[in-house]
Amino acid sequence: MRSHPKEARPLSTKEPVHIVLKSEWAIGPSSLLQHADFVDRTIRAWAKKCGVKIYELVNVGNHLHLVVVLTKLSSIESSFARSQH
C-alpha cells in the first residue's frame with residue numbers, strides 16, 4: 001500500500017535526507033557507472049558550493065542515492081536540487 005500524505009514532510013538541518021536522482025537516458029554507454037568519477041566529483045562540487053553535506057553517495061547506473069544533511073534550509077531550493085536541462 002502506498003501512502004498519500006496530506007502535507008509535506010518538514011525538512012531539518014539536523015536530520016539526514018534520502019534523495020534519489022534518476023535518469024531515463026543513463027543506459028549502456030551513457031550509464032552513470034561508465035562516468036562514475038566524473039559524476040562523483042560533480043555531485044560533491046555542487047554539494048560543497050550549495051552548502052549540502054553528503055553522508056553517502058551510491059551510483060547505481062541509472063540513478064543515484066544520496067544521504068545528505070542540509071546546512072541551511074535554503075540549500076534545497078538552491079541549484080543543488082534543481083534539475084539541469
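The values are calculated or read from the model by the stated rules, or taken from the named source; none is laboratory data. Just so it is clear, the model here is predicted, and its values are computed rather than measured. As a convention, Cβ positions derive from the backbone with ideal geometry for all residues, glycine included, and neighbour counts pool all protein chains shown.
Take the residues in segment 1-52 that are among the hydroxyl-bearing types (Ser, Thr, Tyr) and part of a helix (DSSP H, G or I); name whichever of them is farthest from Val67 (Cα to Cα).
Checking each candidate, the answer is Ser30.
In segment 3-33, how many are over 23 Å from Ser74 (Cα atoms) and either of a type in the set (Phe, Trp, Tyr) or surrounded by 15 or more Cβ atoms within 10 Å (Cβ to Cβ) (or both)?
Total satisfying the criteria: 4.
Any residue at all in segment 67-74 that's part of a helix (DSSP H, G or I) and surrounded by fewer than 13 Cβ atoms within 10 Å (Cβ to Cβ)?
Yes; the residues of segment 67-74 include at least one that is part of a helix (DSSP H, G or I) and surrounded by fewer than 13 Cβ atoms within 10 Å (Cβ to Cβ).
What are the residue pairs meeting all of these: first residue in segment 1-22, first residue more than 22 Å from His63 (Cβ to Cβ), second residue among the aliphatic types (A, V, I, L, M) and modelled with pLDDT of 80 or more, Cβ atoms under 8 Å, and 6 or more apart or on different chains?
Ser12/Leu70; Thr13/Val69; Thr13/Leu70; Lys14/Val69; Glu15/Val69
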